[in-house]
Structures are given as structure tokens and as C-alpha cells.
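The values are calculated or read from the model by the stated rules, or taken from the named source; none is laboratory data. Treat the numbers as computed from the prediction; the structure is a model and nothing was measured. Here Cβ is always computed from backbone atoms with ideal geometry, including for glycine, and neighbour counts include all displayed protein chains. The protein model used for the area step is the full one, side chains on, heavy atoms only, and it has no ligands, DNA or RNA in it. Shrake-Rupley method; radii C 1.70, N 1.55, O 1.52, S 1.80 Å.
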Amino acid sequence: MREVMRQDGQVTEWVVVMRFAVEGDRAVGLTEALPSLARLLGSQPGCRGVEVGRASDDPSLWAMTSRWTSVGAYRTALSQYDVKVNAVPLMSRAIDEPTAFEVLFAVDADGERSASGDLAGDASTFDRSR
């Protein structure tokens, strides 16, 4: 069974969801670019996996989901040279919305797991209008 919580009950697994809205010819470029981005992120320490998909009822809406051992592992991956040069330009085309989510409850073949959460102390003061 994979560990999702530290012994103190805080989350050690994060999910990052990036959505992309693309039309026409831009979709062809995205179809080619997202697998490369997934491979690059998937090769970073702390990445547990990456999936790329397209909405079945809206071909212009794509998503890339990745799982990480911690939010720190994800942030460290974003600071790597190869990721900055090759991934960040594509990632900047994602819909502007929160992307990193802490796993609070999971159920799979290993059973159920839950955690209390690990939000920053000032999380409720974040102003998205800026």
C-alpha cells in the first residue's frame, strides 16, 4: 500500500490538474506537445505519474493530471532547467485557475486513506482578483 499521509496525519500526496482550452489548428500542436510534457514531468523526482486526456463531449478541452509525493516535489520539478525551458511555455497556456490539490481522501485497490490537510496558514487570505 502506498503511503498518503505522514505519521502526523498530514498529506504527502498532491494532484496537479492543468486544463487547456484549444481550438482548431492549435489542438494539433497540443496533441503533439502534451505527451512530451508528460514524459518530462513524469521523469522528475517525486512524480508518481502523469495522464493526458481530452473531454469526450468537448474536443477543445484537454487536461493533464500529475500526482506528486509533495507540493515541494512539484515546485522543485518546475525549477529544473529542462522543465523551465521545455515545459513552462506550454504550461503557461493552461486555463488560469488553481492547479495543485492536496489529497484528503482516496479509495483504490489498496483500500481507503484520508488525511486532515496541510494548507498554508494564510491560505484563506489569498486574493485571486490580482
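The table below lists the values:
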item: Some residue of the stretch 49-66 being closer than 27 Å to Ala115 by Cα, in contact with a Cys (Cβ under 7 Å, 6 or more places away or on another chain) and assigned to a strand (DSSP E or B); result: yes
item: Qualifying residue in the stretch 3-20 (condition: open to solvent by 60 Å² or more (accessible area, probe 1.4 Å) and either modelled with pLDDT of 90 or more or in contact with a Lys or Arg (Cβ under 6 Å, 6 or more places away or on another chain) (or both)); result: yes
item: Single residue of the stretch 79-97 satisfying the filter (over 18 Å from Glu32 (Cα atoms) and without any contact (Cβ under 8 Å) to a residue 12 or more places away in the chain) that is least open to solvent (accessible area, probe 1.4 Å); result: Ser79
item: Candidate set from the stretch 62-91 (those that are touching a strand residue (DSSP E or B) at 6+ places or on another chain (Cβ under 6 Å) and not basic (Lys, Arg)); member that is farthest from Gly24 (Cα to Cα); result: Val71
item: Some residue of the stretch 73-94 being part of a strand (DSSP E or B) and under 26 Å from Ser114 (Cβ atoms); result: no
item: Residue in the stretch 110-122 that is within 17 Å of Pro45 (Cα to Cα), assigned to a strand (DSSP E or B) and in contact (Cβ under 8 Å) with a residue 40 or more places away in the chain present; result: no
